[in-house]
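This report concerns only the one structure given below.
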Amino acid sequence: MITATPHSALPAQALLAPTSSVRPAREGDAAALSELCQPFVRSGALRERPASVYVTRVADFLVAEVPGGALEGCMGLRVHPAGSGEGRGSVGVLYNFCVAGHRQGHGVGAALLRTAMSVARARSLGALFTATTGGGGLFLRYGFAPTTARLAPPSWVESLDPRRNARILAKIL
């Protein structure tokens, strides 16, 4: 005879974790975007941006939202038109990427990145760039590779804080 200790049943909430949907940010999301980013600013993972940036650039952002409206992640996608004589088309820069701590490792970041890449392709962007002070594992899994600053949009490169020692990654679309 085999005897086993019964396992306690998991609560229904543990079995049915809410799933996020990704959508473009709306004007009313600016305060929630700023709040979502604060833990990452405090840890040094994100640059501090005034709350007004989230208001003026809300159209740049994609957000991951759970049923009920709470934001669990965001990513900005800024288009940089080709400069005269650059010999390339418009490109995009992904910035301000964060996923709430309790949702990391659940596919929220991957969903945001896949959506951003789809939006970039729909806008006929030639490449995407990002800068990271971390390992950049998610970006690398999605085909981004380290690149030099000279290949990135000059105005964006000039905006990077050299003290952060960020690594630039790119993906040709």
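Some observations on this one:
- Each label point was placed 7 Å from the Cα along the Cα-to-Cβ direction; for Leu173 and Ala45 their separation is 2.5 nm.
- Label separation (Val55 vs Thr147): 3.4 nm, computed from points 7 Å beyond Cα along the C-beta direction.
- Note on Cα extents along the principal axes in Å: of the candidates [x] 44, 30, 28; [y] 52, 44, 30; [z] 79, 39, 34, the value calculated from this structure sits at [z].
- For the chain, carbon and sulfur atoms together expose 56% of the accessible surface, with a 1.4 angstrom probe and every protein chain in place.
- When the chain is treated as a GNM with alpha-carbon contacts under 10 Å, the residue of Thr115, Thr19, Thr130 showing the greatest mean-square fluctuation is Thr19.
- Accessible area per residue for the chain is 58 Å², calculated with a 1.4 Å probe on protein heavy atoms, without ligands, DNA or RNA.
- The stretch 29-150: relative contact order as a whole-number percent, Cα under 8 Å and 6+ apart: 21 percent
- With Cα atoms, 0 to 90° folded angle of helix 30-43 axis to the chain main axis: 90 degrees
- Extended-chain gain in nm, criterion 0.36 nm per residue less alpha-carbon gap, Ser124 and His102: 4.5 nm
The values are calculated or read from the model by the stated rules, or taken from the named source; none is laboratory data. Computed from a predicted model, the values in this text were never measured in an experiment. Glycine also receives a Cβ, built like all others from the backbone with ideal geometry; neighbour counts cover every protein chain displayed. Only protein heavy atoms, including side chains, enter the accessible area calculation; ligands, DNA and RNA are left aside. Shrake-Rupley method; radii C 1.70, N 1.55, O 1.52, S 1.80 Å.
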